[in-house]
Amino acid sequence: MAGRMIGRWRSAPKRLAALTRGAWPRRRLVAEACLQLAVAETRLRLQPLKHQGLQGLVAAAPSVASQPAPAAPGERQAALDVGWAVTRVARYFPERAMCLAQALAARTMLRRRGIGSIMHVGVAASEAARFEAHAWLEAAGVEVTGYPVPPHLRVLGCLPSDGTAAR
């Protein structure tokens, strides 16, 4: 298994090269997504979830107050671009970046652009007594990461972000 992971790491630059063909803004977006996913994955592996900024999880359905402000012109396209970059780059991570890492990375990228978002967390217990969890992110009326959401999940909570930089 270790040999297979090493092989995937060695071939990752070649596979990512296809994503970086094109204009410089696209290259910067792919590079930022790589960095943010690596940071999110590392933080999730090294720190408990309570240190991941999930303390503000609002119970069950979000209230009207936790909905992001209406999208300004250009925010919708920026959210689509961030979602594209994070989901494409996540495919090339050795263990395929988890949905929570993708949501955290995209949330950070959107916050840097001043775009509010809502991260949802859902859980379910399957028939085989397996625990399942999933995280997905929406912003500016766009499904950013984690979609489609499995229908059997029960929404545990959501974490709204107003798009301002964290202190």
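Any read-out appearing in this document is the output of simple, stated calculations on the displayed coordinates, not a laboratory observation. Values in this document were obtained by computation on a predicted structure and should not be read as measured data. Counting neighbours? That spans all protein chains shown, and the Cβs are built from the backbone with ideal geometry, glycine included.
Excluding G122 itself, what net charge comes from residues whose Cβ is under 9 Å from its Cβ, given Lys and Arg +1 and Asp and Glu -1? Please list the in-between numbers first.
Working: positive: R154; negative: E132.
Here the charged neighbours net out to 0.
Taking the Cβ-Cβ separation of R45 and D162 as r and a Förster radius of 25 Å, what is the calculated FRET efficiency to the nearest 0.05? Walk me through the numbers before you get to the answer.
Details: r = 28 Å, r/R0 = 1.13.
Working from the Cβ atoms, E equals 0.30.
To make sure I understand, if each residue's beta carbon is the centre and we count other beta carbons within 10 Å, what order do W136, W84, W24 fall in, fewest to most?
Working: W136 25, W84 17, W24 8.
Ascending Cβ contact count within 10 Å gives the list W24, W84, W136.
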